[in-house]
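Just below is one structure, and these are the notes that go with it.
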Amino acid sequence: QVQLVESGGGLVQPGGSLRLSCAASISIFSLNPMGWYRQAPGKERELVATITSGGHTNYAYSVKGRFTISRDNAKNTVYLQMNSLKPEDTAVYYCYAYTGMNSWGKGTLVTISS
């Protein structure tokens, strides 16, 4: 089973940027799709963005135009570049991969506050 480790979370002011990374314990070449979900306090986990092995991307409407997902197969890493951050983006962000079963990281906290 793949291990997914997120990093890059933190406290940022509104309008700022962060880049999240998700390092996988195995080659991600065939992991399809991979992506990011988030869970805000008191809310259900929701999809943020996904990317297929062929590079096709999909975004939640709330982040489209502000977030960019990418993958580096050579580094076994998926990224989430987050720009123009808003307080409502505050959540724990989880990395996801489908490997024949759903695999999740433990999450990284992103807090947007002035």
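Applying the selection to the range 19-41, what residues are modelled with pLDDT of 95 or more and farther than 19 Å from residue 104 by Cβ?
19
Residue by residue, here is whether (1) closer than 13 Å to residue 10 by Cβ; (2) open to solvent by 10 Å² or more (accessible area, probe 1.4 Å); (3) in contact with a Gly (Cβ under 7 Å, 6 or more places away or on another chain) holds:
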position	(1), (2), (3)
78	no, no, no
85	yes, no, yes
110	yes, no, yes
114	no, yes, no
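Pairs needed: first member in the range 1-30, open to solvent by 40 Å² or more (accessible area, probe 1.4 Å); second member anywhere, among the charged types (D, E, K, R) and part of a loop (DSSP other than H, G, I, E, B); C-beta distance under 7 Å; at least 6 residues apart or different chains.
Going by the 7 Å Cβ cut-off, the qualifying pairs are 14/86.
In the range 35-74, what count of residues is obtained for those that are assigned to a helix (DSSP H, G or I) and either surrounded by 21 or more Cβ atoms within 10 Å (Cβ to Cβ) or in contact (Cβ under 8 Å) with a residue 40 or more places away in the chain (or both)? Show your work before the answer.
Going residue by residue through the range 35-74, those that are assigned to a helix (DSSP H, G or I) are 73-74.
Pick out the ones that are also either surrounded by 21 or more Cβ atoms within 10 Å (Cβ to Cβ) or in contact (Cβ under 8 Å) with a residue 40 or more places away in the chain (or both) and you get 73.
The total comes to 1.
The values are calculated or read from the model by the stated rules, or taken from the named source; none is laboratory data. All figures in this text were calculated on a predicted structure; none of them were measured in a lab. FYI the Cβ positions are ideal-geometry reconstructions off the backbone, even for glycines, and counts take in every protein chain you see. Surface areas here come from the heavy atoms of the whole protein model, side chains and all, with no ligands, DNA or RNA. Shrake-Rupley method; radii C 1.70, N 1.55, O 1.52, S 1.80 Å.
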